[in-house]
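Asker: One structure is given below, represented as structure tokens, and several questions about it will come after.
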Protein chains: 2
Amino acid sequence: MAVSERGPRERMVFSAAQLIRRDGVASTGMREVAAHAEAPRGSLQHYFPGGKEQLVNEAVGWAGRYAAGRVARFLAALPEPTPGGLFAQMVRQWTDEYESKGFGGGCPVAAATVDRAESAASTREAVSAAFAEWTGAVALALSDMGVPAERARPLATLMISSLEGAILMARAERDVRPLTTVSRELGPLLDSAANATG
Amino acid sequence: MAVSERGPRERMVFSAAQLIRRDGVASTGMREVAAHAEAPRGSLQHYFPGGKEQLVNEAVGWAGRYAAGRVARFLAALPEPTPGGLFAQMVRQWTDEYESKGFGGGCPVAAATVDRAESAASTREAVSAAFAEWTGAVALALSDMGVPAERARPLATLMISSLEGAILMARAERDVRPLTTVSRELGPLLDSAANATG
DNA sequence: CCTGTTCCATGACCGCTGTCATAGTAGCCG
DNA sequence: CGGCTACTATGACAGCGGTCATGGAACAGG
């Protein structure tokens with residue numbers, strides 16, 4: 001799965017994101033990406049003349065778009081949209097993965113931040129853009145649920161921060177407890193913001 | 001600073017933590033650690049016969065102990081200890097660093113998690129222990145401030161998760177905004193838990 | 001003095017990495 | 001067919017990584 005469809009270029013970006021989120025940027029080799037994508041090694045320099053940095057940046061961008069896109073689908077899946085319900089869905093995506101497929105992977109955007117924020121300026125910008133896109137999507141969703149405009153972005157930042165940190169702790173402990181904890185603790189706070197006067 | 005005192009062994013562990021939190025585990029070389037610690041390269045195999053993995057694990061352990069130890073000192077610095085005040089201090093340590101020294105480094109425990117959780121079992125355990133020690137210290141502090149026992153650990157997990165995630169976002173954006181945001185948004189929630197009936 | 005322990009010095013090894021150079025194939029256009 | 005572009009194949013290179021082998025200081029105890 002997750003390999004055959006679409007062109008080799010897109011497959012390589014996708015594979016890069018998968019491998020990065022498991023092993024980090026530095027430990028993920030270009031040859032390994034090509035092999036994982038079942039793409040010819042020679043295509044690397046053809047599609048990514050900017051080298052590894054370009055590939056990583058595109059993988060981060062893909063992850064940001066993916067995360068932002070999920071938000072809308074989470075909303076659609078909620079019978080009665082509430083901020084706490086959205087956050088629970090966001091968290092659940094991770095608990096589901098960890099419980100069904102193990103704790104092998106984290107967030108590729110976080111991995112790129114840790115490994116490249118200081119050493120590659122363009123990657124740091126890509127990571128920043130990914131977080132911004134994701135935060136924007138969540139903030140928009142919050143607004144739609146009645147959260148006052150000036151509270152939407154801060155709460156979105158809080159949601160994503162907590163989720164990212166909980167992912168780290170869950171991977172470390174090999175236990176979804178941190179994820180379920182932040183979901184339960186933050187839910188009421190988020191819901192109460194939806195009914196407050198702006 | 002931070003180099004001359006103490007023995008070479010301890011200096012190398014400390015330097016490893018510093019370099020890891022800036023560049024990640026994989027991008028930090030052993031020779032680089034020795035040079036940064038102004039320690040002889042030959043001492044590496046003497047003090048760390050377990051190789052890089054041992055050095056990384058000790059650096060993570062050091063970071064966990066350091067973070068846990070800070071909690072008590074934060075408490076002592078607060079005229080009127082409250083959960084929100086403690087969290088504000090924890091966040092402030094990072095905003096202070098970022099504003100005075102730039103966004104060069106993140107949390108070494110997070111870096112080790114991202115880079116080694118899947119590839120080195122002993123490092124994953126070290127990271128788990130570090131988070132546990134830190135969480136335990138925060139939970140203990142919360143209990144001392146009147147937070148009901150069964151709420152202390154979940155809230156401590158929430159605090160550390162949010163902080164870790166905010167550190168990531170702040171580094172990515174090169175802006176302390178995510179840090180100040182989570183502090184402001186979470187403060188009231190934390191304080192309200194201190195006065196609740198257990 | 002000899003002996004052992006602790007610590008440091010240095011060079012070599014092998015594997016892997018990203019990148020490049022070069023050449024080859026496929027397919028469309030005219 | 002020639003010519004052009006898109007894509008693939010492969011080998012080499014230079015660099016760096018962690019690790020190991022070997023040997024030399026420094027210094028203690030006997």
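The values are calculated or read from the model by the stated rules, or taken from the named source; none is laboratory data. Keep in mind that this is a model prediction, so the values were computed, not measured. Cβ sites come from the backbone with ideal geometry, for glycine too, and all protein chains shown count toward neighbours. All accessible areas refer to the heavy atoms of the entire protein, side chains included, with ligands and DNA or RNA removed. Shrake-Rupley method; radii C 1.70, N 1.55, O 1.52, S 1.80 Å.
Asker: Quick check on the stretch A:62-95: of everything there that is under 19 Å from A:ARG124 (Cα atoms) and within 14 Å of chain B (Cβ to nearest Cβ), which residue is nearest to DNA strand C (Cβ to nearest atom)?
Answerer: Taking the candidates together, the pick is A:ALA63.
Asker: Hey, another quick one. Within the stretch B:1-34, which residues are in a helix (DSSP H, G or I) and among the acidic types (Asp, Glu)?
Answerer: Residues satisfying the conditions are B:GLU10, B:ASP23, B:GLU32.
Asker: Another question about this same structure. Answer yes if at least one residue in the stretch B:120-133 is touching a Ser or Thr at 6+ places or on another chain (Cβ under 7 Å), surrounded by fewer than 24 Cβ atoms within 10 Å (Cβ to Cβ) and at pLDDT 95 or above, and no otherwise.
Answerer: no
Asker: A further question follows. Kindly indicate whether any position in the stretch B:136-144 is at the interface with another protein chain (Cβ under 8 Å from one of its Cβ atoms) and crowded, with 24+ Cβ neighbours inside 10 Å.
Answerer: No, the conditions are met nowhere in the stretch B:136-144.
Asker: Among the residues in the stretch A:84-99, are any open to solvent by 50 Å² or more (accessible area, probe 1.4 Å) and within 16 Å of DNA strand D (Cβ to nearest atom)?
Answerer: Within the stretch A:84-99, none of the residues are open to solvent by 50 Å² or more (accessible area, probe 1.4 Å) and within 16 Å of DNA strand D (Cβ to nearest atom).
Asker: Could you grab me the full set of residues in the stretch B:1-28 that are open to solvent by less than 30 Å² (accessible area, probe 1.4 Å) and at pLDDT 95 or above?
Answerer: Scanning the stretch B:1-28 gives B:MET12, B:VAL13, B:SER15, B:ALA16, B:ALA17, B:LEU19, B:ILE20, B:ASP23, B:GLY24, B:VAL25, B:THR28.
Asker: Of everything in the stretch B:100-119 that's open to solvent by 20 Å² or more (accessible area, probe 1.4 Å) and of a type in the set (S, T, N, Q), which residue is nearest to the chain's Cα centre (by Cα)?
Answerer: B:SER100
Asker: Further, regarding this structure: Here is a list of conditions, (1) crowded, with 23+ Cβ neighbours inside 10 Å; (2) over 14 Å from the mean Cα position of the chain (by Cα), and B:GLN45 meets all of them except one; can you say which number that is?
Answerer: (1)
Asker: Just checking, does the stretch A:35-44 include any residue being in a helix (DSSP H, G or I), within 14 Å of chain B (Cβ to nearest Cβ) and farther than 13 Å from A:VAL56 by Cβ?
Answerer: Among the residues of the stretch A:35-44, not one is in a helix (DSSP H, G or I), within 14 Å of chain B (Cβ to nearest Cβ) and farther than 13 Å from A:VAL56 by Cβ, which makes the answer no.
Asker: Conditions: (1) part of a helix (DSSP H, G or I); (2) of a type in the set (A, V, I, L, M, F, W, C); (3) within 16 Å of DNA strand D (Cβ to nearest atom); (4) in contact (Cβ under 8 Å) with a residue 24 or more places away in the chain. B:ALA63 meets all but one. Number of the miss?
Answerer: Single failed check for B:ALA63: (3).
Asker: Further question on the same structure: Test B:TYR98 against the stated conditions and say whether it is modelled with pLDDT of 95 or more and within 14 Å of chain A (Cβ to nearest Cβ).
Answerer: Yes, satisfied.
Asker: Another one. For B:ASP175, all conditions in the list (1) in a helix (DSSP H, G or I); (2) within 12 Å of chain A (Cβ to nearest Cβ) hold save one; what is the number of the exception?
Answerer: (1)
Asker: Spot the failing condition for B:ALA59; the list is (1) within 15 Å of DNA strand C (Cβ to nearest atom); (2) away from every other protein chain (no Cβ under 14 Å); (3) crowded, with 17+ Cβ neighbours inside 10 Å, and only one is missed.
Answerer: With respect to (1) within 15 Å of DNA strand C (Cβ to nearest atom); (2) away from every other protein chain (no Cβ under 14 Å); (3) crowded, with 17+ Cβ neighbours inside 10 Å, B:ALA59 is out only on (1).
Asker: Based on this model, can you work out whether A:PHE74 counts as among the hydrophobic types (A, V, I, L, M, F, W, C), within 16 Å of DNA strand D (Cβ to nearest atom) and on the phi < 0 side of the Ramachandran plot?
Answerer: Judged against the criteria, A:PHE74 is not a match.
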